[in-house]
Amino acid sequence: MSTTTRTLATRADHGRDRSSWAVLYASVGVLLVAVLLVYSGLLVHLTNDHEGRAILPPTVGAGESVSGELRLTDSGLLPVEVFLEPRSGSGLQDTLLPDGLSVSVQRASDGAYLYQGPMKTSMGPLEVIQPGQSSLVKVTVGSEDSTASAAVPINFTYFWAARPWLPWWWWIPTTLVIAAFVALGYRRSRSRVA
């Protein structure tokens, strides 16, 4: 093999290496931009019409229930799954939840119950809301213990968490992109051997 041929082969290998690194850096860059967009609130953003105002009183009597309504709106660019997470000022643990409390979340438009059960630190997913759409929900908190002598405190912050909702077919384009990168890497490794 002549010196010129070796030089050309070396340059081709360096070019392939540079393009492999460029693909890796571009992939990492796209991933970072996607993460920043999610955390910025542009892609995933849930608002409600009671921001900062309570929809429920601070206590519920023994054996009684209290209710309130609020409208949840998807203000982001992606569909979101909605979760209800009661929190205290310092963050709520299971051990801090009062015993004997039940929660129901009902969609006002059709009366469907999105959740019925004990109060937990995270309840859901309750429903999927599409970008630009809203849902009016009724939240009811009840005390199951009718023999208690005092009212039960329920003065939590009822935090409505939103997570991006991916349709069932989301894995198809993801798999195709991964397969394309694997095929490209295999093709390059075979061309270096040859």
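Values in this text are rule-based calculations from the coordinates and carry no lab data. Please read these numbers as outputs of a predicted model, since none were measured by experiment. For neighbour counting, all protein chains shown are included, and Cβ atoms are generated from backbone atoms with ideal geometry for every residue, glycine included.
With a 10 Å radius around each residue's Cβ, average the other Cβ atoms per peptide and rank 134-145, 114-125, highest first. Show your work: numbers first, answer last.
Working: 134-145: 18.2, 114-125: 15.8.
So the peptides 134-145, 114-125, ranked by packing, come out 134-145, 114-125.
The label point for Glu144 and the one for Leu31, both projected 7 Å from the Cα toward the Cβ, are 4.4 nm apart.
With r defined as the distance between the Cβ atoms of Ala112 and Leu56 and R0 fixed at 22 Å, what FRET efficiency is calculated, to the nearest 0.05?
Numbers: r = 21 Å, r/R0 = 0.94.
That pair, Ala112 with Leu56, gives E of 0.60.
Value of Rg to Rh for region 45-130, rounded to two decimals, is 0.95; Kirkwood radius and Rg both from alpha-carbon coordinates.
Amide H contacts under 5 Å for Glu64: Ser143, restricted to partners 5 or more places along the chain or on a different chain, H placed in the peptide plane at 1.01 Å from N.
Under 20 Å from a label point set 7 Å out along the Cα-to-Cβ vector of Ala161, the amide N atoms of region 108-127 belong to 114-127. The modelled label-to-label distance for the pair Arg87/Ser102, using points 7 Å beyond Cα in the direction of Cβ, is 2.8 nm.
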